[in-house]
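S.K.: Following this message is one structure expressed as structure tokens.
The values are calculated or read from the model by the stated rules, or taken from the named source; none is laboratory data. Computed from a predicted model, the values in this text were never measured in an experiment. Reconstructed Cβ throughout: ideal geometry from the backbone, glycine too, with neighbour counts over all protein chains shown. The protein model used for the area step is the full one, side chains on, heavy atoms only, and it has no ligands, DNA or RNA in it. Shrake-Rupley method; radii C 1.70, N 1.55, O 1.52, S 1.80 Å.
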Amino acid sequence: MLGGGMLGQLLIGVWCEANKMSGGEETANYVQFDAQRYLTQLFSDITIFQDIPTYVKLFAPFPDNSLTMLDFGGGPNVFPLIMAAEKVTRYIHSDYAKNNRDEVERWKEADSRAFSWKENITRCLKAEGKRGTDEEVASREARMRKVLEAVIPCDVAVDNVVADSYVGPYDIVTCSYCLECVCTSAEAISEAIGRVSKLVKPGGYFILTVSSILDPPESPFLCEETPAIAGFKYRSFWCAPVQSYVDTFETNGYTVVDKVVRPYPHPTLNMDDIYAVIIGKKAN
């Protein structure tokens, strides 16, 4: 274990992939990121890094075909789309790195080279109370591809985080394992949440999933080098406690309607951090 916890360091790569540091060495490094290797290494079992029951609970009250949604900094991962597909009419996937966007595009086009999400779709369907039959999996995946309107660039380091034609606003915006990989201070976290928040409708929801820690360190922990994920190492990780994200949500006009904090149940990696799913409802 290094410094602030193994998982925090791993997730530099895990979602630094998506993220959002304009210019310089980091931007150059993104072209080296192997999206499929990453998905195979860390997302062969989606239950490790995503809280399926929380998403089931969130989407259950909404009628089918009633929502618009954007996933900000989603990397090559389409998990939120699995859960949202029946509820949305329009879904936008965004990421900073072109190689991650290309992976999602390949999946949308049913390219045989794309990572297969079928096993993870099965897990999600069973969490919804369905049987997860081959027919149900095929139906959900077809629906996912139908509602995925666009795969677009995003950049949390600039005021206009997505192109004007995709600013929404949306009923739901998700952001998973992204901000903690690029924000190096509490102020940067607040600014990033404020920028992304502009995409959320009044009365809409912002779902933030972060790798975090239970207690704040005496000083900010920035790891200088991490274990290799998907082919190369990453650096710069802000270990912010969960409460700091809650406080920032509230500062930006959200009521936190749900918060889940859990350890990572990864079977092979030495991880001692936690992850948090924070759901904020934006003031009308």
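S.K.: Return the residues of the range 50-95 that are of a type in the set (D, E, K, R) and either open to solvent by less than 30 Å² (accessible area, probe 1.4 Å) or touching a Phe, Trp or Tyr at 6+ places or on another chain (Cβ under 6 Å) (or both); say none if nothing qualifies.
M.R.: ASP51, ASP71, LYS87, ASP95
S.K.: Which of (1) over 21 Å from ALA35 (Cβ atoms); (2) among the basic types (Lys, Arg); (3) open to solvent by 40 Å² or more (accessible area, probe 1.4 Å) does LYS118 not meet, given it meets every other one?
M.R.: (1)
S.K.: Only one of these is under 18 Å from the mean Cα position of the chain (by Cα), of a type in the set (Val, Ile, Thr), at pLDDT 95 or above and assigned to a helix (DSSP H, G or I): ILE82, ILE92. Name it.
M.R.: ILE82
S.K.: Which residue, of ASP71, ASP102, is within 18 Å of THR40 (Cα to Cα) and out of contact with any Asp or Glu (no Cβ under 7 Å at 6 or more places or on another chain)?
M.R.: Answer to the selection: ASP102.
Per-residue answers, yes or no, for (1) within 19 Å of ASP51 (Cα to Cα); (2) surrounded by fewer than 16 Cβ atoms within 10 Å (Cβ to Cβ); (3) without any contact (Cβ under 8 Å) to a residue 60 or more places away in the chain:
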residue	(1), (2), (3)
ARG101	no, no, yes
ARG106	no, no, yes
CYS154	no, no, no
ALA157	no, no, no
ASN160	no, yes, yes
ALA163	no, yes, yes
VAL173	yes, no, no
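S.K.: Let me ask you something else. Would you kindly identify the strands (runs of 3 or more DSSP E) lying entirely within the range 133-243 that contain at least 3 residues that are at pLDDT below 95 and closer than 30 Å to LYS108 by Cβ?
M.R.: Ranges flagged: 200-212.
S.K.: A further question follows. Would you point out the residue of the range 248-262, among those that are open to solvent by 30 Å² or more (accessible area, probe 1.4 Å) and more than 20 Å from LYS201 (Cα to Cα), that is modelled with the lowest pLDDT?
M.R.: ARG262
A quick yes/no check of all residues on (1) in contact with a Gly (Cβ under 8 Å, 6 or more places away or on another chain); (2) within 17 Å of TYR96 (Cβ to Cβ); (3) of a type in the set (Ser, Thr, Tyr):
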| residue | (1), (2), (3) |
| --- | --- |
| GLU109 | no, no, no |
| TRP117 | no, no, no |
| CYS124 | no, no, no |
| GLY129 | no, no, no |
| VAL147 | no, no, no |
| ALA157 | no, yes, no |
| CYS178 | yes, yes, no |
| SER190 | no, no, yes |
| GLY194 | no, no, no |
